[in-house]
1. Could you please report the charge total around Gly269, scoring K, R as +1 and D, E as -1 over all other residues with beta-carbon less than 15 angstrom from its beta-carbon?
2. By how many nm would the segment from Val66 to Arg109 grow when fully extended, if each residue of separation counts as 0.36 nm and the alpha-carbon distance is taken off?
3. What's the whole-number percent of alpha carbon pairs in the range 230-276 lying beyond 12 angstrom?
4. For Ser200, Ser267, what's the fewest-to-most ordering of other Cβ within 10 Å of each Cβ?
5. Name the residue farthest towards the positive end of the dipole of the range 104-252 from the options Leu248, Val183, Phe170, assuming +1 on Cβ of Lys and Arg, -1 on Cβ of Asp and Glu, about the Cα centre.
6. Taking the Cβ-Cβ separation of Ser225 and Val293 as r and a Förster radius of 35 Å, what is the calculated FRET efficiency to the nearest 0.05?
7. What is the mean projected area of the alpha carbon convex hull for the range 240-301, to one decimal in square nanometres?
8. Defining a contact as two alpha carbons under 8 Å apart and six or more residues distant in sequence, what relative contact order in percent does the range 162-220 show?
Amino acid sequence: MSRLTRRTLLTGSMTSLALLRSTLPGLAQGGPPPEDAIDGFGGYDDDRLYRDEAGQLYRRRGGQYVPYSGRETYGRPVPGTEREPPPRRTVDEAPPPKGAPVPKLGENRAVDDGPIDYARAYAAITDDAFPVQPFNWKKANPVFLRQEVAFNGRYEPGTIVVDPRAHHLFLVQPGGRARRYGVGVGKQGFSWSGNATINSKQAWPDWYPPKEMIARTPKLAREVSQLQSGLGVPGGTRNPLGARALYLWQGNKDTLFRIHGTLEPTSIGHSVSSGCIRMINQDVIDLYGRVGVGTKVVVIT
């Protein structure tokens, strides 16, 4: 072995040893691992970006939102591009109450109870965690656009009633009225009916398709990646669940059916889904703000 080769190998070994040594003290002394390795996301709670009303990007750390200064791609941080550590809260900023839940940015949108103005109702949304594209309501069948209608059903106000044949979802209101939305429902062999309850709500949810669906859909197999709860598609503008999802349970069992947004708003009014009830993103955001966990959902035959 030549002197030059030995020198090169020695230099490389010493460099590797120095890098390794810098990560060892805490572990060797029984201390905690480095902060950047706590949860696999560089010390952050997840691998997502959130956007406030002013367009500022944030990441979540320890349940708190801290400004993000790096680059993004499809609503995700680009590793190694953050220019400086997130600034700490200044003394004059009042901290949130201890133990108070921290909502996702853009999740708690104000509900518009004024007359339905389609130009406003279906406009682009730019102050949410991810942008929502405008919906061309002028080219849509008006029967599937959001509207207030008379409703003479026997259901209590606050109940969600889905009529798959008519492709309508009703949110029952007092005084014999309902807020009606157009929906897409399950295609033949995937439809269902019965009573359920909203067990949870999520803004920009991750999607975990069943293994059988991944197996029979080669394109989907290329889209999924390893997320916190398994193979799935991360929440964002490319996620089939869209901007919001309401998770339907029967008793203590998940039905695996959801009321959610969609990447294909032209499918509203058709029976094309795998059983879930899909809505225009602007409509599911509106519905999301009007119902809570525990809401009764009735899918009629």
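1. Details: positive: Lys139, Arg146, Arg165, Arg180, Lys187, Arg278; negative: Asp163, Glu264, Asp283.
Within the 15 Å Cβ shell, the charges total +3.
2. Numbers: separation 43, 0.36 × 43 = 15.48 nm, distance 2.03 nm.
Gain on stretching Val66 to Arg109: 13.4 nm.
3. Numbers: 730 of 1081 pairs.
Here the tail beyond 12 Å accounts for 68 percent of pairs.
4. Numbers: Ser200 12, Ser267 16.
Ordered from fewest to most neighbouring Cβ atoms within 10 Å, Ser200, Ser267 come out as Ser200, Ser267.
5. Val183
6. Working: r = 29 Å, r/R0 = 0.82.
Calculated transfer efficiency: 0.75.
7. Numbers: hull surface 18.2 nm².
Average of the hull's projected areas for the range 240-301 equals 4.5 nm².
8. Details: 30 pairs, mean separation 10.6, N = 59.
Computed value for the range 162-220: 18 percent relative contact order.
None of the figures in this text is laboratory data; all of them are computed from the coordinates on show. Note that the structure is a prediction, hence the values are computed from the model and not measured. Don't worry about glycine lacking a Cβ; one is built from the backbone with ideal geometry, like all the others, and counts go over all protein chains shown.
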